[in-house]
Amino acid sequence: GVHRQVLFTTVGWFVGYYLAKRTEYIHAKLDRELFEYVRQHPEDFKAAEKRKIGELLEDFYPVR
């Protein structure tokens with residue numbers, strides 16, 4: 001009956017909350033490790049030279 005729906009809704013909410021927090025923790029941990037690696041190895045991550053948008057896109061030729 002209704003008590004099962006309330007129970008399953010509550011359990012589902014707690015499981016979803018836990019999984020969301022765990023996912024955020026894992027992504028934060030990965031970000032922290034990657035940023036630390038980039039900070040310790042700047043020679044591997046040199047800033048790319050600025051290019052104009054025209055250099056990035058191919059020329060447009062309309063097809064008729």
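The values are calculated or read from the model by the stated rules, or taken from the named source; none is laboratory data. Everything numeric in this text was worked out from a predicted model, so none of it was measured. We place every Cβ from the backbone using ideal geometry, glycine too, and count neighbours over all the protein chains shown. Accessible surface is based on the protein model in full, side chains and every heavy atom, while ligands, DNA and RNA are left aside. Shrake-Rupley method; radii C 1.70, N 1.55, O 1.52, S 1.80 Å.
What the table shows:
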| read-out | value |
| --- | --- |
| Packing-based ranking, highest mean first, of 38-46, 26-34 given that Cβ atoms within 10 Å are counted | 26-34, 38-46 |
| Answer label for Cα extents along the principal axes in Å (calculated), chosen among (i) 43, 20, 19; (ii) 65, 51, 11; (iii) 42, 27, 13 | (ii) |
| Per residue solvent-accessible surface (Å²) - the chain, probe of 1.4 Å | 109 |
| Reachable lysines, given that their alpha-carbon falls under 28 Å from the alpha-carbon of LYS21 and they are not under 8 places away in the same chain | LYS29 |
| Dipole magnitude of the chain, debye to nearest 20 (Cβ charges: Lys/Arg +1, Asp/Glu -1, about Cα centre) | 400 |
| Principal-axis tilt of helix 2-40 within the chain, Cα atoms, nearest 10 degrees | 30 |
